[in-house]
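The values are calculated or read from the model by the stated rules, or taken from the named source; none is laboratory data. All of these numbers come straight from a predicted model, not from anything done at the bench. All Cβ positions, glycine included, derive from the backbone under ideal geometry; neighbour counts span all protein chains shown. The area values use the complete protein model at the heavy-atom level, side chains included, leaving out ligands, DNA and RNA. Shrake-Rupley method; radii C 1.70, N 1.55, O 1.52, S 1.80 Å.
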Amino acid sequence: MQDFKLIENKWQKYWEEHPEISRAENNSKKEKKYVLVEFPYPSGSGLHIGHTFSFTGGDVYARFKRMQGLNVLFPMGWDAFGLPTENYAIKMKRKPQEITKENTDMFKKQMKKLAFSFDWSREVNTTDPEYYKWTQWIFIQLFKKGLAYKKEMPINWCPSCKIGLANEEVVDGKCERCGSEVSRRNISQWVVKITEYADKLIDGLKETDFIEKVKQSQINWIGKSEGAKIKFKIKNSDKYLEVFTTRPDTLFGATFMVIAPEHEISLEMAEKNEEIKKYLNETRKKSDLERTELKKEKTGVFSGLYAINPVNNKEIPIWISDFVLSSYGTGAIMSVPAHDERDFAFAKKFGLKIIPVIKPKEDHNFEKEAYINVDNGEIINSPPIDGMVPAEAFEKMIKWLEEKKIGERSSSYHLRDWIFSRQHYWGEPIPMINCPKCGWVPVPDNQLPIALPEVEAYEPTDDGKSPLSKIESFVKTKCPVCGGEAERETDVMPNWAGSDWYFLRYIDPNNNKEIASQELMNYWGPVDIYIGGDEHNVLHLLYSRFIYKFLWDLGVVSKEILEPYYKRISHGVILGPDGQRMSKSRGNVIVPEDVSEKYGVDVLRMYLMFMGPFDSTMAWNEKTIAGVKRFLERFNKFVLSQKDNVIDSSDEVKVIINKLIKGVTEDLETFKYNTAIAKMMEALNNLTSLLNYKVAIKDIKTLIKLLAPLAPYITEEFYSFFEKTSVHMAEWPIVDKKYLIEDEVTIMIAINGKVRSELKINSTKQNDKDYVLNLARQDKNIIKWIGTNDIVKEIYISGRMVNLVIKL
RNA sequence: GGGCGGGUGGCGAAAUUGGCAGACGCAACGGCCUUAGAAGCCGUCAGGGGUAACCCUUUGAGAGUUCAAGUCUCUCCCCGCCCACCA
């Protein structure tokens, strides 16, 4: 098989001439299957092993489903906007457009070599104006529905990238991309109200078959808490302080309140008091990293104000502390130090009152720590609700608050609105115009796309504005409403924008009237199986589901299809040979091209699928490749040695073949590629060394077909010995059940659960319990084991085992 | 601290979902072939005992349920990933 390169070249050329092999048919009566793998960011270093692994996984499944007679949509495209290309462009003084073209060309070439059966007629590219025209259109719809708004807000600012970052792009207080410490800065930003869809995004998960892990991370990220909003009157003022709490039942234990430094009352009081001003300045200097690092030691300052606890009219002090976040809830809390660790720590530090309102079930010292096992115990020190369990008291208090109109049932979410502006060049321009008279006005549909103009320098400006702001011809425009002088928005969209809806575009990639035709979306949607990395289980998936649900509300997508992705599975991670994550700095990077040059594409693909379960983390082991290589060589030999033989296979061979069909079909269906390959190896071992039976051509072809999704090149070559058509268009083998029924079954005989002997019986007798038990009792070994003891119980699992329980 | 995974030979891993633990592969060892190497082929391969047929022990630790537990329940230990002052 040293000529694998010849075979690869030959068949790659053939497939190029026969694109129908991987084409998805739009007007088909066949059942559809939409298999989606996350499209890559085409970096300059080419396809890496992770791409190769996950795309192979998708490709095997797509090929398998096609052979089963389904109309498979297995597309590919490019998520090509982004900082690496922009940074490279700056460094090399070249156009990002050119660089992107080079990279996507390289990726495509590598993918073809690896035999990924994408339908290339549906290729999409997020940087193509004909594509991002619709990304811009979606933004305009968000704006029109009041879901996109401009807001001056403190954002995470990366001083090195000179860019604003979304919360999710900040890792440990550092910029996700460059690792610089992130600081805060006020910038006018476009913000998208994803929070409006929080409940829908939780509820919609019911419609999906995502693995539990993915559902959980989505739910956790949205972070819904149910509780109440409560208004506390501020003493000597007609103002109120509103808080959110999940425990209105502990209201009698609220002995003080805390507001965030960014809270308007804090800002107001700072004007009057130097100490407060000082504290606010201190916290402002802290980055998020520092603020969260100070886990133990609480800081704070008294605001000088008191609030009135509505349940008992007690005066309680209002403090200012940075452990309260302005971005969550109302930016203010009622503190119940007896039953909350943070409140307790704060109360201890500043000598505030601690009143228990839940009676602990076990001994508890309220001087030492908070009693946080709050679902247990009964309510105390709270006259109207004393003696109730917390859940009951919760409902009672909400009712009371609502009657008195000082509070109401409410939910709060961890999820925040989505900052949608990026002060960069290489992204989709936000299609908005700022008119001095009319305010923000969207670009009319017939002027879309707003194409990225060519600029001379791609660097962001020091004041944080996008490079586009320097292009007067771009910025200056007319207001579409009043016709007066106006200016264009110069920020661009975040990376997620283009990848939110790409799966819809594959369905109808050349449509210039709409995102995609409803009819086609109705046929192809939802994505049946979406393969991607864990790192996208939260953000990409959530944003994409949000945009889909928004489009659903607009009536743009099929009403029948509530969720964009039916099933999501995550692929595993391939570590370097040293068991560490592959990285250039560690020097442990495996380049797929090197491997395929050395062993061939089929070996690379099969090795990747054989390493372990598709969703697990596995270290690269060059030596193990030999096993797969040997298997393919033995398979080769086997086919060559049998191909002149035309006799019918023996029943024993047919049993092996049919068992294999069953096993491989089940394994491919459930992405258990490693065991599918093991079964093929086992079958080949049996056919060659153990039995050495002659195999009929019909059955040889079956073996080739079973292997075809995994090793597309070599199977195409083998199949061509017998047929003129492509194996990848062949029909998937069907099990002949006749051969799955074995004549003889082996039944294990155990005594007290330990296997002591075995029994071979004719399979027609396997359901005859008395017959089997009788034979079991007469077994020589068993007689010996039983000795003079009595059998107290006999259990028979049909066709499997007998267990005789004896009394010793 | 919270959530989700996971712990099985020297290694990567299987185990019909409660029914023969270790399939398949790697490595290792022994042999054949070869002038020699490479490749290939045949064999051994969880640990211990026995000349042997066989026996005992073994799925992170311990308990439990069961005729039967890698699989179910409880307690504990360790590892990985994600999130975290979320009121």
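For the range A:84-241, the Kirkwood hydrodynamic radius comes to 20.7 Å, computed from all pairs of different C-alpha atoms. Per-atom-type breakdown for chain A gives carbon and sulfur 49% of the accessible area (1.4 Å probe, protein chains only). Within the same chain, aspartates and glutamates fewer than 8 places from A:Lys213 are excluded, and of the rest, those with a Cα less than 14 Å from its Cα are A:Asp534, A:Glu535, A:Asp615. On a 31 Å Cα-Cα criterion, which of the cross-link pairs A:Lys33/A:Lys724; A:Lys513/A:Lys559; A:Lys239/A:Lys298; A:Lys65/A:Lys215; A:Lys145/A:Lys272 come out too long? In this structure, A:Lys145/A:Lys272 exceed 31 Å between Cα atoms.
Note on the range A:188-307: Kirkwood radius taken over Cα pairs, Stokes-Einstein applied at 10 °C and 1.306 mPa s, translational D equal to 88 µm² s⁻¹.
Computed about the Cα centre, the dipole magnitude for the range A:341-385 is approximately 240 debye when only Lys and Arg (+1) and Asp and Glu (-1) carry charge, each at its Cβ. Over all projection directions, the Cα-based convex hull of the range A:658-700 averages an area of 3.0 nm².
If you take the alpha carbon atoms of the range A:568-683 and fit the smallest convex hull around them, that volume is 117 Å³ per residue. With the highest mean first, a sort of the peptides A:245-256, A:219-230 on other beta-carbon atoms found within 10 angstrom per residue produces A:245-256, A:219-230. In the range A:335-479, taking the dipole from charged Cβ atoms about the Cα centre, the farthest positive-side position among A:Trp440, A:Phe366, A:Tyr425 is held by A:Trp440. Expressed as a fraction of 2.2 N^0.38 Å, the value expected for a compact globular protein of N residues, the C-alpha radius of gyration of the range A:748-808 is 1.02.
Extension gain for the segment A:Glu454 to A:Glu242, taken as residue separation times 0.36 nm less the Cα-Cα distance, is 71.3 nm to one decimal.
Other residues whose C-beta falls under 11 angstrom from the C-beta of A:Ala115 contribute a net charge of 0, scoring Lys and Arg +1 and Asp and Glu -1.
Does the range A:1-104 come out rounded, prolate or oblate by the C-alpha gyration tensor, with a ≥ b ≥ c the root eigenvalues, rounded set by a/c under 1.5 and, if not, prolate when a/b is larger than b/c and oblate if not? Judged from the Cα gyration tensor, the range A:1-104 comes out prolate (a/c at least 1.5, a/b above b/c). In summary, the lysines within cross-link reach of A:Lys113, defined as a Cα separation below 20 angstrom excluding same-chain residues under 8 places away, comprise A:Lys5, A:Lys10, A:Lys13, A:Lys101, A:Lys598, A:Lys629. Which lysines have a Cα less than 30 Å from the Cα of A:Lys754, not counting those fewer than 8 places away in the same chain? Output for A:Lys754: A:Lys659, A:Lys679, A:Lys765, A:Lys769, A:Lys780, A:Lys784, A:Lys793, A:Lys807.
Note on the range A:660-808: Cα-Cα pairs beyond 20 Å make up 62% of the total pair count.
Contact order for chain A, expressed relative to its length and based on alpha carbon pairs under 8 Å spaced 6+ residues apart, stands at 13 percent.
Ranking A:Val639, A:Ala24, A:Leu706 by how far each Cα lies toward the positive end of the dipole of chain A (charges on Cβ) leaves A:Val639 at the top. The relative contact order of the range A:538-693, computed from alpha carbon pairs under 8 Å that lie at least 6 residues apart in sequence, is 20 percent. Its Cα centre serving as origin, chain A has a Cβ charge dipole (Lys and Arg +1, Asp and Glu -1) of approximately 840 debye. Of the residues A:Trp496, A:Gly525, A:Thr788, the one whose Cα sits farthest toward the positive end of the charge dipole of chain A, with +1 on the Cβ of Lys and Arg and -1 on the Cβ of Asp and Glu, is A:Thr788. Think of a 1.4 Å ball rolled over the protein heavy atoms: the range A:750-808 then has 68 Å² of accessible area per residue. Counted over chain A, the DSSP beta bridges are approximately 75% antiparallel. With the gyration tensor restricted to C-alpha atoms of the range A:718-780, the semi-axes of the equivalent ellipsoid amount to 44, 13, 9 Å, longest first. The shape of the range A:541-599 can be summarised by an equivalent ellipsoid whose semi-axes, obtained from the alpha carbon gyration tensor, come to 41, 14, 10 Å from longest to shortest. Net charge dipole, the range A:568-695: roughly 200 debye, given to the nearest 20, about the Cα centre with Cβ charges of +1 for Lys and Arg and -1 for Asp and Glu.
Ranked from largest, the principal axis spans of the Cα set of chain A equal 101, 85, 50 Å. The relative contact order of the range A:389-529 comes to 23 percent, based on Cα pairs under 8 Å that sit 6 or more residues apart.
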